[in-house]
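Everything on this sheet refers to the single structure shown next.
The values are calculated or read from the model by the stated rules, or taken from the named source; none is laboratory data. Just so it is clear, the structure is predicted and the values come from calculations on it, not from any experiment. Neighbour counts are summed over all protein chains in view; Cβ atoms, including those assigned to glycine, are modelled from backbone coordinates with ideal geometry. SASA here: full protein model, heavy atoms, side chains in, ligands and nucleic acids out. Shrake-Rupley method; radii C 1.70, N 1.55, O 1.52, S 1.80 Å.
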Amino acid sequence: MGIATSSLLEAVEEIGPQFEVGAAERDSSDEFVASHYAALKERGLISALVPEEFGGGGASYAEVAEVLRRLGYYDGPTALALAMHQHLVAAQVFNHHKGRPAPLLAKVGSEKLVLVSTGARDWLESNGEALAAEGGFRVSGRKSFASGSPVGDLVVTSAPFNDPKDGWQVLHFAVPMRSEGVSLENDWRVHGMRATGSQTVVLDSVFVPEGSIALRRPRGGFHDVFNVVIHVAIPLIVSVYVGISERAVEIATGLAKKRAGDPVVQFALGEACSAAMVAAACRQRMVEISDGLDFTPTMERSNELLALKSHVVQQARRAVECAMEASGGAGFYRSNGLERLLRDVRAGDFHPLPARQQMLHTGRLALGLDPVTG
């Protein structure tokens with residue numbers, strides 16, 4: 001049997017409050033949560049989703065999503081960095097369920113390797129370039145928003161390649177972070193989620209063997225692989241933002257009690273609570289759609305997930321905004337934590353697809369058009 005949900009959540013309840021200590025200082029200094037990874041590995045959270053046969057915990061997708069939600073309540077940056085790792089693991093588990101190669105599962109299970117994603121920046125077109133070389137390719141590019149990269153072991157990324165025969169393609173592959181030509185820029189100085197360590201990964205003529213290419217696809221179009229990515233990634237990512245909204249409502253409730261007789265405070269807190277509930281309900285539906293990673297990827301379900309993602313992010317953000325309003329002037333002080341949560345929750349807008357792009361995508365599908373413009 002795999003790890004019980006209760007055991008995973010017990011681990012979060014033990015280490016979460018420890019992670020929360022110093023969150024304000026890390027936010028102020030842009031310090032990455034590197035020290036948290038030892039506990040994440042020790043408690044089996046890094047490898048929780050990996051099947052037991054590969055040395056992992058055998059936890060379900062829904063269980064890991066719940067872990068990320070609760071960890072987001074305590075420390076959003078740690079939860080988000082972990083979510084970026086977990087959705088790559090989830091893609092490998094999905095492939096394993098479908099009888100396809102999943103070479104990273106054993107590495108994560110036995111060695112507790114940390115995977116780093118660059119997909120948000122790359123999306124359909126990818127960036128950089130891959131040039132043909134003897135036995136493989138030489139890849140160069142700059143991959144931003146690579147959460148967890150300072151402690152990452154493998155970067156899972158892609159690069160465009162102009163094939164002499166088939167034209168522009170995108171190659172998908174994983175590269176060890178310690179490979180020659182791989183470096184990190186110290187450039188993660190941002191509005192929110194400052195402790196995620198989402199530095200830019202720089203690839204400078206990095207050799208990628210032909211055998212490491214996991215997928216080739218036409219560049220620019222909406223490939224079926226994105227239906228898989230949306231199913232495995234987005235419910236885990238939004239779980240973090242739901243946790244943040246729930247923490248904000250709790251803080252605001254404590255602060256608002258000092259002015260409990262004020263109808264404006266009552267309304268603002270009620271709106272915050274309602275928004276957090278809606279975000280949680282939409283998030284739950286997303287987890288259900290991903291069906292324990294036993295789903296059949298379809299454009300219809302991906303479209304629903306993207307629409308729900310927009311609502312989770314909007315409602316989670318609204319919950320924190322209203323929490324700030326309900327708290328009054330007290331919420332404006334950094335010492336109460338709401339100001340940081342308000343900045344952190346806004347990062348949800350930047351995960352694929354941002355709301356306006358999602359609405360364009362959904363509208364085009366409704367009209368029977370290809371979801372990709374141009």
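The table below lists the values:
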read-out	value
Expected-Rg normalisation [2.2 N^0.38 Å, Cα atoms] applied to the chain	0.99
Aspartates and glutamates whose Cα lies under 19 Å from that of LYS257, excluding same-chain neighbours fewer than 8 positions away	GLU246, GLU271, GLU321, GLU325, GLU339
Average accessible area per residue (Å²) across segment 24-136 - probe 1.4 Å, nucleic acids and ligands excluded	37
Accessible area expressed per residue, segment 162-282, with surrounding protein chains retained (probe 1.4 Å, Å²)	45
Segment 283-339: Cα Rg divided by the 2.2 N^0.38 Å rule of thumb	1.64
Segment 1-81 - percent of accessible surface contributed by carbon and sulfur, probe 1.4 Å	50
Rh (Kirkwood; distinct C-alpha pairs) - segment 6-88, Å	12.9
Selection from ALA307, ALA276, ALA319, by position along the positive dipole direction of segment 271-320 (Cβ)	ALA319
Carbon/sulfur fraction of accessible area - segment 108-151, other protein chains in place, 1.4 Å, %	50
Computed accessible area, ASP187, all protein chains, 1.4 angstrom probe, square angstrom	60
Candidate aspartates and glutamates - alpha carbon under 20 Å from LYS165, same-chain residues fewer than 8 apart omitted	GLU125, GLU129, GLU134, GLU210
Scattering curve values for segment 236-374, log₁₀ I(q)/I(0), Debye with Cα scatterers, q = 0.15, 0.16 Å⁻¹	-0.74, -0.80
Probe 1.4 Å, protein heavy atoms only - accessible area per residue of segment 296-368 in square angstrom	50
17 Å tail of the calculated P(r), segment 150-245, as % of Cα pairs	65
Calculated FRET value between LEU131 and GLU180, using beta carbons and R₀ = 25 Å, to 0.05	0.95
Segment 186-304 - percent of accessible surface contributed by carbon and sulfur, probe 1.4 Å	55
Cα centroid separation - segment 52-120 against segment 184-231, whole Å	16
Which of SER117, SER335, SER6 is most accessible, then next, and so on - probe 1.4 Å	SER335, SER6, SER117
Centre separation in Å (Cα based) which lies between segment 235-276 and segment 312-374	15
Helix 76-97 axis, angle to the chain major axis (alpha carbon atoms, nearest 10°)	40
Under 30 Å from the Cα of LYS98 - lysines, other chains or at least 8 residues apart	LYS41, LYS107, LYS112, LYS143, LYS309
Simple label model, 7 Å out from Cα along Cβ direction - LEU365 to SER335, nm	4.9
Between helix 263-290 and the chain: long-axis angle, C-alpha atoms, 0 to 90°, nearest 10	30
Average Cα contact separation per residue, the chain, under 8 Å, 6 or more apart, as relative contact order %	17
Computed helical MRE - 222 nm, the chain, DSSP H runs ≥ 4 contributing -39500 (n - 2.57), nearest 500	-16500 deg cm²/dmol
Degrees between helix 225-256 axis and first principal axis of the chain (Cα, 0 to 90, nearest 10)	20
